[in-house]
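To start, the structure under review is shown below, and the notes come after it.
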């Protein structure tokens with residue numbers, strides 16, 4: 001689903017990358033900007049907070065190949081962001097746009113905004129339902145104009161309303177109440193803790209009213225979640241990469257690890273821990289009605305880029321002491337199985 005934001009916002013410009021930038025360049029630029037504008041680095045700075053959300057929203061689209069392809073197509077179709085607008089002839093006249101036609105149909109002078117549905121456009125049946133049409137008619141007794149008044153419209157469900165909102169990672173993890181402007185009215189919506197990027201929330205009966213006694217439609221809210229520089233969601237669990245030195249992994253160590261609520265926990269890295277091993281911190285994940293998840297730490301052993309002469313001598317001594325060890329001794333045999 002693409003909202004009007006995709007017509008209006010240049011996500012490439014937000015991230016400061018060219019339109020042909022590859023995934024690595026996009027990720028690198030996002031991480032740099034996310035660190036610069038992160039709320040923890042700019043406490044109380046509303047402008048920085050807004051920029052952080054804008055950067056996250058842009059990355060959420062451009063980092064997803066499918067969304068990026070859809071975004072590029074929409075921007076190209078709209079001429080890089082131009083919106084439909086009325087020409088000199090006004091609604092319905094020369095140059096009149098899609099929104100102008102529907103503005104005239106509703107009797108209003110302003111723009112009427114639509115979001116695309118799953119097939120790339122508003123469903124014509126949903127549009128007709130707003131006027132009480134598009135349904136099966138049943139025969140009733142009695143006359144009518146030209147003999148056609150003898151058919152009464154059957155109850156029709158109201159059309160669904162679509163909206164979108166963007167949350168920061170922390171807000172999505174803990175839950176947030178947001179105010180949405182939909183169909184000319186303000187609606188407060190509680191987004192539950194642990195909502196995922198792209199997840200849809202349905203509010204039954206909050207769409208357009210039905211016709212001829214039919215039920216109201218639903219409101220469908222698409223939630224976008226800005227990525228976090230450190231944490232990732234995995235169900236109710238949180239995941240992060242834990243950098244450790246070779247000495248800490250080989251000899252064992254107790255290290256300080258940040259948590260989502262801003263505090264830290266001490267975690268024991270057992271001696272002989274290999275890179276890639278996952279350590280679990282119970283109860284430090286996302287809390288929902290179904291319980292509280294864990295914090296999962298993937299160990300990443302860091303190899304130093306620059307060594308002092310003393311460090312080199314120490315490593316040479318270790319190499320000599322472990323000369324008989326060969327971690328690839330059975331690799332070829334296992335490869336032939």
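The values are calculated or read from the model by the stated rules, or taken from the named source; none is laboratory data. Here the structure is a predicted model, which is why all the values come from computation and not from measurement. Backbone-built Cβ (ideal geometry, glycine too); neighbour counts: all protein chains shown.
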Exercise. In the stretch 33-47, how many are free of Cβ contacts under 8 Å to residues at least 12 places away in the same chain and either closer than 22 Å to residue 67 by Cα or in contact with a helix residue (DSSP H, G or I) (Cβ under 6 Å, 6 or more places away or on another chain) (or both)?
Worked result: 1
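Among the residues of the stretch 235-268, what is the count of those that are within 30 Å of residue 199 (Cα to Cα) and in contact with a strand residue (DSSP E or B) (Cβ under 7 Å, 6 or more places away or on another chain)? Talk me through it step by step, then tell me what you get.
Just the residues of the stretch 235-268 that are within 30 Å of residue 199 (Cα to Cα), to begin with: 235-242, 257-264.
Checking the rest, the ones that are also in contact with a strand residue (DSSP E or B) (Cβ under 7 Å, 6 or more places away or on another chain) come to 236-242, 257-260, 264.
Residues meeting the conditions: 12.
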For this session: Determine if the stretch 297-317 includes at least one residue that is in the same structural domain as residue 283 (by TED's automatic domain parsing) and in contact with a helix residue (DSSP H, G or I) (Cβ under 6 Å, 6 or more places away or on another chain).
Result: yes
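Can you tell me which of 60, 34 is surrounded by 16 or more Cβ atoms within 10 Å (Cβ to Cβ) and touching a strand residue (DSSP E or B) at 6+ places or on another chain (Cβ under 6 Å)?
Numbers: 34 fails: touching a strand residue (DSSP E or B) at 6+ places or on another chain (Cβ under 6 Å).
The match here is 60.
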Problem set entry | Flag for residue 293 being in the same structural domain as residue 162 (by TED's automatic domain parsing) and in contact (Cβ under 8 Å) with a residue 24 or more places away in the chain | no
Exercise. Can you name the residue in the stretch 224-239 that is in a strand (DSSP E or B) and touching a residue at least 60 places away in the same chain (Cβ under 8 Å) and, of all such residues, is farthest from residue 35 (Cα to Cα)?
Worked result: 234
For this session: Report yes if some residue within the stretch 207-224 is outside the structural domain of residue 28 (by TED's automatic domain parsing), out of contact with any strand residue (DSSP E or B) (no Cβ under 7 Å at 6 or more places or on another chain) and within 20 Å of residue 284 (Cα to Cα); otherwise report no.
Result: no
Exercise. Looking at (1) out of contact with any helix residue (DSSP H, G or I) (no Cβ under 7 Å at 6 or more places or on another chain); (2) surrounded by 13 or more Cβ atoms within 10 Å (Cβ to Cβ), which is the one condition that is false for residue 260?
Worked result: (1)
Exercise. In the stretch 200-214, which residues are outside any loop (DSSP other than H, G, I, E, B) and at pLDDT below 85?
Worked result: 211
